[in-house]
Amino acid sequence: MRILLSLLLLASALTAAEIRTVASTGTAGSAGDGGPAKDATLSGPKGISVAPNGNVYVADTESHSVRTIEMKMGALELIADTGANGDGPQRDAANGVGDPLKCKMARLHGVFVDKDGSVFIGDSEAHRVRVVK
């Protein structure tokens, strides 16, 4: 009897679920940063992480970038990479500071946001784990 009740509760929970798109038009690309996430294009999103504040971070593999979806406003922003396949530079030669928007990456697959907001990136073909703080 308990098993039957559990199955009925599970079935009712499954029928109440819904699926919807939060980012991308479904066309491959890397456009739309700064605008509505649903109107943007992604190119091979692989890794996804939800930050403590509810924003979603996406490892957009084929555009070699990390993008974030600000869930309250529904906006998409580029936070790391140039969009070109490569490896670095880690730091700017002029001032020694690493600008995540100037660091090339190569087919990243994973992204994780820590509770302090640090974004860890699995940069696959560069054979590196990077962090944006």
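The values are calculated or read from the model by the stated rules, or taken from the named source; none is laboratory data. Here the structure is a predicted model, which is why all the values come from computation and not from measurement. Using ideal geometry, Cβ is built from the backbone for each residue, glycine included, and neighbour counts are taken over all protein chains shown. Note: areas computed on protein heavy atoms with side chains; ligands, DNA, RNA excluded. Shrake-Rupley method; radii C 1.70, N 1.55, O 1.52, S 1.80 Å.
Scanning segment 79-89 for residues that are hydrophobic (A, V, I, L, M, F, W, C) and open to solvent by less than 20 Å² (accessible area, probe 1.4 Å) returns a single hit, ALA80.
Out of all the residues in segment 90-97, is one or more within 10 Å of the chain's Cα centre (by Cα) and open to solvent by 20 Å² or more (accessible area, probe 1.4 Å)?
Residues of segment 90-97 that are within 10 Å of the chain's Cα centre (by Cα), as a first pass: none.
Within segment 90-97, none of the residues are within 10 Å of the chain's Cα centre (by Cα) and open to solvent by 20 Å² or more (accessible area, probe 1.4 Å).
Report yes if some residue within segment 80-90 is touching a helix residue (DSSP H, G or I) at 6+ places or on another chain (Cβ under 6 Å) and over 21 Å from THR21 (Cα atoms); otherwise report no. Show your work before the answer.
Here is the first cut: in segment 80-90, the residues touching a helix residue (DSSP H, G or I) at 6+ places or on another chain (Cβ under 6 Å) are 80, 83.
Now restrict to residues that are over 21 Å from THR21 (Cα atoms): 80, 83.
There is at least one residue in segment 80-90 that is touching a helix residue (DSSP H, G or I) at 6+ places or on another chain (Cβ under 6 Å) and over 21 Å from THR21 (Cα atoms).
Just to verify a result, which residue in segment 1-49, among those that are open to solvent by 90 Å² or more (accessible area, probe 1.4 Å) and in a loop (DSSP other than H, G, I, E, B), is modelled with the lowest pLDDT? Explain how you work it out, then say what you get.
Keep residues of segment 1-49 that are open to solvent by 90 Å² or more (accessible area, probe 1.4 Å), which gives 1-5, 7-10, 14-15, 18-20, 38-39, 46, 48.
From what's left, in a loop (DSSP other than H, G, I, E, B): 1, 18-20.
Values: MET1: 52, GLU18: 87, ILE19: 87, ARG20: 89.
Taking the candidates together, the pick is MET1.
Pairs linking a residue in segment 106-133 that is under 19 Å from ILE69 (Cα atoms) to a residue that is in a loop (DSSP other than H, G, I, E, B) and among the basic types (Lys, Arg), with Cβ atoms under 9 Å and 6 or more positions apart or on different chains, are ASP116/LYS133; GLY117/LYS133; SER118/LYS133; VAL119/LYS133. Quick check: anything in segment 106-114 modelled with pLDDT under 95 and more than 16 Å from GLY47 (Cα to Cα)? Scanning segment 106-114 turns up no residue that is modelled with pLDDT under 95 and more than 16 Å from GLY47 (Cα to Cα). Looking across LEU101, LEU76, one residue alone is free of Cβ contacts under 8 Å to residues at least 60 places away in the same chain and open to solvent by 80 Å² or more (accessible area, probe 1.4 Å). It is LEU101.
So which of THR68, THR61 ends up being open to solvent by less than 30 Å² (accessible area, probe 1.4 Å), hydroxyl-bearing (Ser, Thr, Tyr), closer than 22 Å to VAL129 by Cβ and without any contact (Cβ under 8 Å) to a residue 40 or more places away in the chain? It would help to see each step written out before you state the result.
Details: THR61 fails: without any contact (Cβ under 8 Å) to a residue 40 or more places away in the chain.
Just one listed residue meets the conditions, THR68.
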